[in-house]
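The values are calculated or read from the model by the stated rules, or taken from the named source; none is laboratory data. Bear in mind that the values here come from a model prediction, so they are computed numbers and not experimental data. FYI the Cβ positions are ideal-geometry reconstructions off the backbone, even for glycines, and counts take in every protein chain you see.
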Amino acid sequence: MAKDIVTSGLRWVTLDAGHGAVEGRQKSGAASVTLKYIITQLVTLSIVGGIMGLVAWVKIPRATPPLDEAEVKRRLAEDFPQTPLDQIWLALDGAGALAKSGDLALLLFRMGDSYVSRSMAWSNAVQAEAIKGRFWFRFNDFSAPNASLALAPNWTLAVKGETNV
Amino acid sequence: MTAPSAPAIDPVTLAVPFFILAIVLEILLARMGKVKAVYEAKDTAASLLMGFGSGIAGLLTGGVVFAASVWIYKYHLFDIPMSAAWAWLAIFLLEDFTYYWFHRLSHERRFWWAAHVNHHTSQHYNLATALRQTWTGGAAGTWALWLPLSLLGFPPAMIAIQKGVSLVYQFWIHTEAVRRMPVWVEALFNTPSHHRVHHARNPRYLDSNYAGILIIWDRMFGTFVPELDEEPCRYGIVKNLGDFNIFRVAFHEWVGIFSDLLTARSLREAFGYLFGAPGWSPDGSRQTSTILKAQWADMQTAEPVKTDPAAAS
């Protein structure tokens with residue numbers, strides 16, 4: 001006896017043992033389910049693509065004006081409360097900033113129309129690699145492996161209170 | 001066993017056209033300036049692809065979940081008919097109660113947070129965010145929390161339908177387009193306002209409003225926090241992700257757990273990394289939401305109130 005079980009939009013077929021006569025039907029049923037599943041996934045992917053296209057077309061992200069020092073302080077204060085900042089370097093493109101807080105470097109960088117922050121040892125930050133006008137900061141963090149900031153080429157020379165950076 | 005083991009209808013499948021239309025409508029109305037909604041192309045792509053992947057991942061564990069429900073149901077304590085109105089009222093309340101604890105566990109214990117965190121990784125709050133669903137929820141095993149309902153005597157099909165209804169309900173509350181519902185709705189039900197708070201990373205709002213459909217569970221168990229106009233929600237997680245890579249969205253916390261386990265020096269530490277609160281560390285050098293909330297509370301009561309710690313620079 002075949003018994004239909006419908007779950008998650010798919011029709012499953014279960015068969016009692018010893019009914020070999022329905023094996024053919026079972027195989028064609030399985031193929032039909034597989035084909036239906038593949039078609040459903042393709043249609044879903046098309047719809048996903050359509051919505052992505054619509055979002056790209058209508059352009060309704062948050063405004064991202066260039067950061068100024070007050071905005072950097074405000075944003076870093078949210079993520080690093082009660083952390084005094086010694087000095088701030090704004091990225092030349094206004095899309096991020098680096099701040100020094102004792103022996104810590106606090107980074108703020110743009111992701112899409114939002115911002116992400118991370119901290120790292122200051123001693124590592126000053127060794128950031130410069131590639132094509134951007135400094136690359138590597139974090140030991142799978143959730144944010146690295147960030148790049150368009151800082152002035154000689155930004156490390158401007159560290160207050162340090163003569164040998 | 002006379003009751004059907006699998007649902008004849010799947011509310012989620014039936015609701016898919018509504019999901020699509022609602023997202024398109026929210027985007028277009030926002031474009032026309034009629035409602036508040038912010039969409040960023042890559043963020044939306046990540047949300048939708050997470051939803052797509054979640055469906056595939058669900059297939060891999062769906063059979064196990066289904067088999068477990070049916071097996072448990074063989075030993076059910078009471079015969080609960082699917083045709084009785086009281087039975088649907090009972091499953092509505094019990095499923096929602098179960099969802100509350102599932103959701104609370106998924107936020108307050110790191111192993112299950114690893115499976116759920118992806119849903120919170122967007123810094124946006126719109127209907128597409130609702131589809132940013134887990135890829136690892138089945139593997140994390142939280143579905144077992146619903147098995148007692150089968151043991152009680154609710155047919156697995158009935159439970160599956162009610163879980164679907166809950167998921168469909170929770171779609172529409174992922175929006176900034178609706179500011180507040182009527183007072184009685186806000187008092188009883190989970191609403192866009194309540195759920196915005198749940199998705200916020202402001203310390204004041206962390207670990208709150210776990211409700212599925214009824215907000216009464218949060219009010220009963222002390223996890224309800226109202227949305228305040230003077231403190232707009234900042235969405236995302238405490239340490240937001242550095243890019244839109246969907247594999248990072250899906251697995252970053254699992255990688256974090258694995259990395260931490262490699263450094264564990266005792267079983268106690270390993271247990272803490274696995275089942276402690278997210279942010280737990282042996283030396284307390286990291287911050288759990290409890291610590292973040294306490295720091296925030298201290299800042300509020302400190303005299304004089306210093307709202308900009310960067311001012312010293």
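Take the residues in the stretch B:116-148 that are aromatic (Phe, Trp, Tyr) and not in a loop (DSSP other than H, G, I, E, B), then tell me which one is nearest to B:Trp254 (Cα to Cα).
Filtering the stretch B:116-148 down to residues aromatic (Phe, Trp, Tyr) leaves B:125, B:135, B:143, B:146.
Those left that are additionally not in a loop (DSSP other than H, G, I, E, B): B:143, B:146.
Details: B:Trp143: 19, B:Trp146: 24 Å.
So, considering only residues that are aromatic (Phe, Trp, Tyr) and not in a loop (DSSP other than H, G, I, E, B), the one nearest to B:Trp254 (Cα to Cα) is B:Trp143.
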Would you pick out the residues in the stretch A:93-114 that are more than 8 Å from every other protein chain (Cβ to nearest Cβ) and either over 23 Å from the mean Cα position of the chain (by Cα) or more than 24 Å from A:Leu157 (Cα to Cα) (or both)? A:Lys100, A:Ser101, A:Gly102, A:Asp103, A:Leu104, A:Arg110
So for the stretch A:38-59 (the condition being modelled with pLDDT of 95 or more and of a type in the set (Ser, Thr, Tyr)), does at least one residue qualify? yes
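Determine whether the stretch A:77-84 contains at least one residue that is assigned to a helix (DSSP H, G or I) and among the polar types (S, T, N, Q). Give the derivation first.
The first filter runs over the stretch A:77-84 and keeps only residues assigned to a helix (DSSP H, G or I), leaving A:77-79.
Narrowing further to those that are among the polar types (S, T, N, Q): none.
Looking for residues that are assigned to a helix (DSSP H, G or I) and among the polar types (S, T, N, Q), one finds none in the stretch A:77-84, hence no.
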Can you name the residue in the stretch B:10-41 that is within 7 Å of another protein chain (Cβ to nearest Cβ) and within 30 Å of B:Gly62 (Cβ to Cβ) and, of all such residues, is farthest from the chain's Cα centre (by Cα)? B:Val24
Consider A:Trp122 against the criteria (1) farther than 22 Å from B:Ala46 by Cβ; (2) at the interface with chain B (Cβ under 9 Å from one of its Cβ atoms); (3) aromatic (Phe, Trp, Tyr): it satisfies all of them except one. Which criterion is unmet? (2)
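Could we say that B:Val35 is under 25 Å from A:Tyr115 (Cβ atoms), assigned by TED's automatic domain parsing to the domain that holds B:Ile159 and modelled with pLDDT of 95 or more here? Reasoning before the result, please.
On the way: under 25 Å from A:Tyr115 (Cβ atoms): yes; assigned by TED's automatic domain parsing to the domain that holds B:Ile159: yes; modelled with pLDDT of 95 or more: yes.
In short, yes.
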Conditions (1) exposed (fewer than 15 other Cβ atoms within 10 Å of the Cβ); (2) closer than 28 Å to B:Ala57 by Cα; (3) not aromatic (Phe, Trp, Tyr): number failed by B:Thr263: (2)
When the stretch B:132-160 is examined, which residues are found to be among the aliphatic types (A, V, I, L, M) and either crowded, with 22+ Cβ neighbours inside 10 Å or on the phi > 0 side of the Ramachandran plot (or both)? B:Leu149, B:Ala157, B:Met158, B:Ile159, B:Ala160
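Of the residues in the stretch A:126-154, how many are surrounded by fewer than 19 Cβ atoms within 10 Å (Cβ to Cβ) and more than 10 Å from every other protein chain (Cβ to nearest Cβ)?
Residues meeting the conditions: 14.
Taking the conditions exactly as written (facing chain B (nearest Cβ under 8 Å) and either more than 21 Å from B:Ile237 (Cβ to Cβ) or in a strand (DSSP E or B) (or both)), does A:Ile47 satisfy them or not?
When the stated conditions are applied, A:Ile47 passes them.
Each row is one residue, and each column tells you yes or no for (1) touching a Ser or Thr at 6+ places or on another chain (Cβ under 9 Å); (2) in a helix (DSSP H, G or I); (3) outside the structural domain of B:Ile91 (by TED's automatic domain parsing); (4) of a type in the set (S, T, N, Q).
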| residue | (1), (2), (3), (4) |
| --- | --- |
| B:Val178 | yes, no, no, no |
| B:Met181 | yes, no, no, no |
| B:Trp184 | no, yes, no, no |
| B:Ser193 | no, yes, yes, yes |
| B:Arg204 | no, yes, yes, no |
| B:Asn209 | yes, no, yes, yes |
| B:Gly212 | yes, no, yes, no |
| B:Arg219 | no, yes, yes, no |
| B:Phe224 | yes, no, yes, no |
Given the condition in the same structural domain as B:Thr175 (by TED's automatic domain parsing), in a loop (DSSP other than H, G, I, E, B) and in contact with a His (Cβ under 9 Å, 6 or more places away or on another chain), answer yes or no: does some residue in the stretch B:39-47 qualify? yes
Hey, any hits in the stretch B:98-121 for a residue that's acidic (Asp, Glu), surrounded by fewer than 18 Cβ atoms within 10 Å (Cβ to Cβ) and away from chain A (no Cβ under 12 Å)? no
Check whether at least one residue in the stretch B:262-283 is in contact with a His (Cβ under 6 Å, 6 or more places away or on another chain) and either within 12 Å of chain A (Cβ to nearest Cβ) or touching a residue at least 24 places away in the same chain (Cβ under 8 Å) (or both), and report yes or no. no
With (1) out of contact with any strand residue (DSSP E or B) (no Cβ under 8 Å at 6 or more places or on another chain); (2) more than 10 Å from chain B (Cβ to nearest Cβ); (3) within 23 Å of A:Asn124 (Cβ to Cβ) as the list, and A:Leu42 as the residue in question, which single condition is left unmet? (3)
Between a first residue in the stretch A:119-141 that is under 16 Å from A:Val159 (Cβ atoms) and assigned by TED's automatic domain parsing to the domain that holds A:Ile88 and a second residue that is exposed (fewer than 14 other Cβ atoms within 10 Å of the Cβ) and among the acidic types (Asp, Glu), which pairs have beta carbons less than 6 Å apart while being 6 or more apart in sequence or on different chains? A:Trp122/A:Asp103
